[in-house]
């Protein structure tokens, strides 16, 4: 067997694993199971007698899992690289992430039973809260953003239609999140009927999100919003953002595997958030729910708080999201 042939076989096997894993994840989302279904399974691991034992158990799982793939496909580095790339494609590769994340010490959630609600404030007034892990709502912080009158489904459709390579940037460099909706990509979202886009009676609900990283798209969007004025002036802000929009549905319970804290501005409508501690903190911390109203900005460390969202009363919700840290 030639080296080139062996490499081709290995690459085909890796691609098969990647596609199978993604398909299972998509099916999981499509058929409406909740993250609690998977959490209940991993609780067997997280409920070990001590953090030391839990870490040991997780390491054993990883030790067993990786050699199994290595034995099948011989190129374990390619396998690991594939799963790392997959993490950017879908938010719900729960088993891989949950079994390898660090155990929480619960300090972040102990005695927290609601978000901290603050009035629109200055950077100096916000300084002491800048990097807090507690959920925070800043009221009316986006009140003056032109995006509130500009951002619509049609606005984004026209923007992506006129900029060359915009759709490809989402598929190849960024990320499209269909959640429970039946759209395969952003083109399909913008091609939906007017009746469905407006959520007319009898039409299926929909909720999607996508990451923007095309420079021209970002430049066009930034004419209508700004990074929240109260964030620290030394905060690192990525050159990207997300749009989440739709009716009734929302994101299932999950953690975000990102490198910074998250802010999200409610441009249109309102959204209900459910947040929960990591499973090992269930006995010490509390799950709770809150509503983010139009023009509010919510700040949440989505790397340690499990969270899901839902849109109430059949109204459209449109948000813009990015990171800081």
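Bear in mind these aren't lab numbers, they're just calculated from the coordinates by the rules spelled out. Since this is a predicted model, take the numbers as computed values, not measurements. Note that each Cβ is placed from the backbone with ideal geometry, even for glycine, and that neighbours are counted across all protein chains shown.
Sort 173, 201, 280 by Cβ crowding within 10 Å, fewest neighbours at the top.
Values: 173 13, 201 6, 280 20.
So the residues, fewest neighbours to most, are 201, 173, 280.
Report the gain in length on full extension from residue 171 to residue 105: 0.36 nm times residue separation, minus Cα-Cα distance, nm rounded to one decimal. Mind dumping the intermediate values first?
Working: separation 66, 0.36 × 66 = 23.76 nm, distance 3.71 nm.
In short, 20.1 nm is gained.
Please give the length that would be gained between residue 287 and residue 204 if that part of the chain were fully extended, namely 0.36 nm times their separation in residues minus their C-alpha to C-alpha distance (nm, one decimal). Could you put the intermediate results ahead of the total?
On the way: separation 83, 0.36 × 83 = 29.88 nm, distance 2.98 nm.
The span from residue 287 to residue 204 would gain 26.9 nm if fully extended.
Calculate the spin-label point distance for residue 224 paired with residue 129, positioning each point 7 Å from the Cα along the beta-carbon direction, and give it in nanometres.
2.7 nm
Ratio of the range 192-272's C-alpha Rg to 2.2 N^0.38 Å, to two decimals? Intermediate values should be presented prior to the final figure.
On the way: Rg = 15.4 Å, N = 81, 2.2 N^0.38 = 11.7 Å.
Here the Cα radius of gyration is 1.31 times the empirical estimate.
In square nanometres and to one decimal, what's the mean projected area of the convex hull around the Cα atoms of the range 116-324?
On the way: hull surface 47.8 nm².
Its average projected convex-hull area is 12.0 nm².
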